[in-house]
1. State whether the residues of segment 380-396 include one that is assigned to a loop (DSSP other than H, G, I, E, B), open to solvent by 80 Å² or more (accessible area, probe 1.4 Å) and not β-branched (Val, Ile, Thr).
2. Would you point out the residue of segment 117-145, among those that are of a type in the set (A, V, I, L, M, F, W, C) and out of contact with any Ser or Thr (no Cβ under 9 Å at 6 or more places or on another chain), that is farthest from VAL190 (Cα to Cα)?
3. When you go through LEU116, LEU86 one by one, which is the residue that is open to solvent by less than 20 Å² (accessible area, probe 1.4 Å), without any contact (Cβ under 8 Å) to a residue 40 or more places away in the chain and in contact with a helix residue (DSSP H, G or I) (Cβ under 8 Å, 6 or more places away or on another chain)?
4. State all residues of segment 279-296 that are out of contact with any Leu (no Cβ under 9 Å at 6 or more places or on another chain), more than 21 Å from SER58 (Cα to Cα) and open to solvent by less than 40 Å² (accessible area, probe 1.4 Å); if no residue qualifies, say none.
5. Name every residue in segment 149-171 that is more than 17 Å from the chain's Cα centre (by Cα) and either assigned to a strand (DSSP E or B) or within 21 Å of TYR26 (Cβ to Cβ) (or both), in order of residue number.
6. Checking the condition open to solvent by 60 Å² or more (accessible area, probe 1.4 Å) and outside any helix (DSSP H, G or I), which residue from GLY375, GLY331, GLY345 passes?
7. Kindly establish whether ARG264 is free of Cβ contacts under 8 Å to residues at least 60 places away in the same chain, open to solvent by 10 Å² or more (accessible area, probe 1.4 Å) and within 22 Å of ALA52 (Cβ to Cβ).
8. Restricted to segment 376-422, and to residues that are under 20 Å from PRO178 (Cβ atoms) and of a type in the set (Ser, Thr, Tyr), which residue is modelled with the lowest pLDDT?
Amino acid sequence: MRVASPFLVMAKPVGPLCNLDCSYCYYLDKRSLFPAGERFRMRPEVLDTYIAAVIAASPGPLVGFVWHGGEPMLAGLDFYRHATELQEQHLPEGWRCLNTLQTNATLLDDAWGAFLAKHHFSVGISLDGPTRLHDMGRRDRLGRPSHARALRGLQILRSHGIEPDVLCALHARNCAHPLEVYRYFLDLGVTWLQFLPVVRRDAAGALDPWSVPPEALGEFLCAVFDEWVRHDIGRIAVQNFLECLLVTSGQPVNLCVMAKTCGRVLALEHDGSLYACDHFVDDEHRLGNVTVDDLGGIVESSGQVAFGQAKHDALPARCRTCPVGAFCHGGCPKDRFGGASGGEGSLNHLCEGYRRFYSHALPHLERMAALARSGRSPAGIMGELAVTEHDERRRWQRTSRNAPCPCGSGAKYKHCCLPWRR
C-alpha cells in the first residue's frame, strides 16, 4: 500500500546495542524485550524486505531512511554498502533516497567518511557541550570519556566535506550552563544545532536524576535565544528556534514534538518488528513485523492513526486555552505525566519550562515573521535590536573587569559574563 503523505521509520540495525553507556540513554534497556543471547544484528533478508517496503509505501519521489540506535555504526560498513545497493535496486526511475545516520561519532574513520560522502548521507552527531559537561554523562562501558573521540569523528566528517548536524541532549548537568554550552558550539563552527531535553523515568515512574528540570529548561532556552536573536541568526541554525518561527509564520513544523498530532515516525527494530514510535518501543505499541505485514497498511492503520491523534485528543483543558499552546500542542506524549486540573489529560512534565520560553521568545518571533512577510530577511531583527538596545549594550561595554557583573549575579564581571561577551 502506497501512503498519501510522507512518513519516516527510525531503523535500528543493531537494536539497543551501543559502544557507549550514556547515563541518561532511554534505549539501552530495550534489550529486555528480546530473549537472552540475542545477537542484535539485522539479517540481510530483513534489510532487503525493509528497504523494498519503505520504497513501495512511500509517496516519493524522495524516500527517507533514518539509521538510528543504539549506535547504528556497529552494524558495520558492509551493512550500509549493501543497504545503498538495495536502495538502487528498488528505486523507481527518477526517485532518490536520502539516508540519515545518527551517531555518537566515536567510531568514525576515513573509510566511513569516504562512504558517507560518496552516498550523500546526512549525518547527525551527539555532543553535549564542552569536555567536562559532555563527559559527565557520555562515557563508554569502561567508564572512559568520549568527548575527544567524538571531536575526532567530527573532524573526519569535515575532512570529507560533510558538515554534520549536532544534537545536544539537555540534562540536569549541562542545563545550568546555557551560554557556555551554546558558545562552545559557536566556537566549534557548528552550523545546525538541536537541543533535546532529557526526560527519563524508572520502572516505578520516578524521575531519573539526569532529567532536565522544567524551570531550568525554560531558563536555558531563553538565555540561548537572547544570544542567537541578537547576534547569530544566519551563523548557526538552532532548530528549536527555527521551528518556533515556522509556527509564528503559520507554516507546518518538522519536529513531531511540536506538531498537533504525531504517529508518522515509526521505529523498526533489528528483527523487523515495527513500533508506533521510537519512544514507545514496548509490547503494547508493537504494530507487526515488516517481513510479514504491509508497511503502508501499518502506517495508515486505524490503530496508528489513533495513536497519533491522541496527542491532540488527550490535551488537558489548560493546554487548549494556553496562549502559546500552538508551539507545542502539549509536547511529546511520553512526557505527559504532570498534574492537570480542570481537564481530562495530564500536562507535559516540561510545561512550565516551555511556557516560559515560548512566552519570552514570542515578541521577537512575531517581528521576524513580519520581516519575512514584507520580503525582508528575519535576520534584520539583529540590526533593529542593536539600535533599540544601544544604551544597554554600552553599559556592558563600559563595565570594568573587576566591577560587579551587570547581569546581577553578584560576581565580578571578569568571573561572570565577560568571557562570553568578547
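1. For segment 380-396, residues assigned to a loop (DSSP other than H, G, I, E, B), open to solvent by 80 Å² or more (accessible area, probe 1.4 Å) and not β-branched (Val, Ile, Thr): absent.
2. Step by step, filter segment 117-145, then rank; the result is LEU142.
3. On the way: LEU116 fails: without any contact (Cβ under 8 Å) to a residue 40 or more places away in the chain.
When all the criteria are applied, what remains is LEU86.
4. So in segment 279-296, the residues out of contact with any Leu (no Cβ under 9 Å at 6 or more places or on another chain) come out as 279-280, 284-285, 291-292, 294, 296.
With the extra rule that they be more than 21 Å from SER58 (Cα to Cα), the set shrinks to 279-280, 284-285.
Within segment 279-296, PHE280, HIS285 meet the criteria.
5. If we filter segment 149-171 for residues that are more than 17 Å from the chain's Cα centre (by Cα), which is where we start, we get 149-162.
Passing the criteria: only ALA150.
6. Values: GLY331 fails: open to solvent by 60 Å² or more (accessible area, probe 1.4 Å); GLY345 fails: open to solvent by 60 Å² or more (accessible area, probe 1.4 Å).
Testing whether each residue is open to solvent by 60 Å² or more (accessible area, probe 1.4 Å) and outside any helix (DSSP H, G or I) leaves just GLY375.
7. Details: free of Cβ contacts under 8 Å to residues at least 60 places away in the same chain: no; open to solvent by 10 Å² or more (accessible area, probe 1.4 Å): yes; within 22 Å of ALA52 (Cβ to Cβ): yes.
Judged against the criteria, ARG264 is not a match.
8. Here the residue is SER409.
The values are calculated or read from the model by the stated rules, or taken from the named source; none is laboratory data. Nothing here was measured: the structure is a model prediction, and the numbers come from that model. FYI the Cβ positions are ideal-geometry reconstructions off the backbone, even for glycines, and counts take in every protein chain you see. Keep in mind that these areas ignore ligands, DNA and RNA; they rest on the heavy atoms of the full protein, side chains included. Shrake-Rupley method; radii C 1.70, N 1.55, O 1.52, S 1.80 Å.
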